[in-house]
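S.K.: The structure's right below; bear with me while I get my questions together.
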Amino acid sequence: MAYLVYNTDNSAITDGPFKTNSAAKASITRASKKHFIKNGTKLKNRAVAESTYYYANIEQEVERTNIMTGKKYKESINTPISCSPAFETYWSM
């Protein structure tokens, strides 16, 4: 079982996977402290979820446009740009 840290605003994975829930929560605490030192505000938009639950229920899809054909399609918000036909990096590899 693995745990992921994700952004609650858009469901993008920000950190992980972690072996335990407490390790994932500790990661949020460290990131929050680092963010507070830099910006003077606390991070409030992070949460932890078990990986299978995250992929089944939380992960959002975004609508993008294929740059070669112009057709719109949906893909996971966590798709890297090198694997997405909506970005030039995909076509230049």
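Read the figures in this text as sums done on the coordinates, not as results from a lab. Note that this is a predicted model, so its numbers are computed, not measured. All Cβ positions, glycine included, derive from the backbone under ideal geometry; neighbour counts span all protein chains shown.
S.K.: Going by what's in this entry, would Ala86 be described as surrounded by 10 or more Cβ atoms within 10 Å (Cβ to Cβ), touching a strand residue (DSSP E or B) at 6+ places or on another chain (Cβ under 7 Å) and in a loop (DSSP other than H, G, I, E, B)?
M.R.: Numbers: surrounded by 10 or more Cβ atoms within 10 Å (Cβ to Cβ): yes; touching a strand residue (DSSP E or B) at 6+ places or on another chain (Cβ under 7 Å): yes; in a loop (DSSP other than H, G, I, E, B): yes.
Against the criterion (surrounded by 10 or more Cβ atoms within 10 Å (Cβ to Cβ), touching a strand residue (DSSP E or B) at 6+ places or on another chain (Cβ under 7 Å) and in a loop (DSSP other than H, G, I, E, B)), Ala86 qualifies.
S.K.: Which ones in segment 13-28 are of a type in the set (Ser, Thr, Tyr) and more than 20 Å from Ile77 (Cβ to Cβ)? If you could, list the steps in order and put the result at the bottom.
M.R.: Just the residues of segment 13-28 that are of a type in the set (Ser, Thr, Tyr), to begin with: 14, 20, 22, 27.
Listed by number, the residues that qualify are Thr20, Ser22.
S.K.: Could you please find all residues in segment 74-93 being over 30 Å from Lys25 (Cβ atoms) and under 19 Å from the mean Cα position of the chain (by Cα)?
M.R.: Filtering segment 74-93 for residues over 30 Å from Lys25 (Cβ atoms) gives 74, 82, 84-93.
Those that are over 30 Å from Lys25 (Cβ atoms) and under 19 Å from the mean Cα position of the chain (by Cα): Lys74, Ser82, Ser84, Pro85, Ala86, Phe87.
S.K.: So which strands (runs of 3 or more DSSP E) are wholly in segment 1-81 and hold at least 3 residues that are out of contact with any Gly (no Cβ under 7 Å at 6 or more places or on another chain)?
M.R.: Numbers: elements: 3-7, 13-18, 46-50, 61-65, 72-76.
Once the strands (runs of 3 or more DSSP E) in segment 1-81 are filtered for at least 3 residues that are out of contact with any Gly (no Cβ under 7 Å at 6 or more places or on another chain), what remains is 13-18, 46-50, 61-65, 72-76.
S.K.: Please determine whether any residue of segment 55-62 is within 16 Å of the chain's Cα centre (by Cα), closer than 14 Å to Val5 by Cα and not acidic (Asp, Glu).
M.R.: Here is the first cut: in segment 55-62, the residues within 16 Å of the chain's Cα centre (by Cα) are 55-62.
Now restrict to residues that are closer than 14 Å to Val5 by Cα: 55, 58-59.
Applying the additional criterion that residues be not acidic (Asp, Glu) yields 55, 58.
Within segment 55-62 (the criterion being within 16 Å of the chain's Cα centre (by Cα), closer than 14 Å to Val5 by Cα and not acidic (Asp, Glu)), the answer is yes, since at least one residue qualifies.
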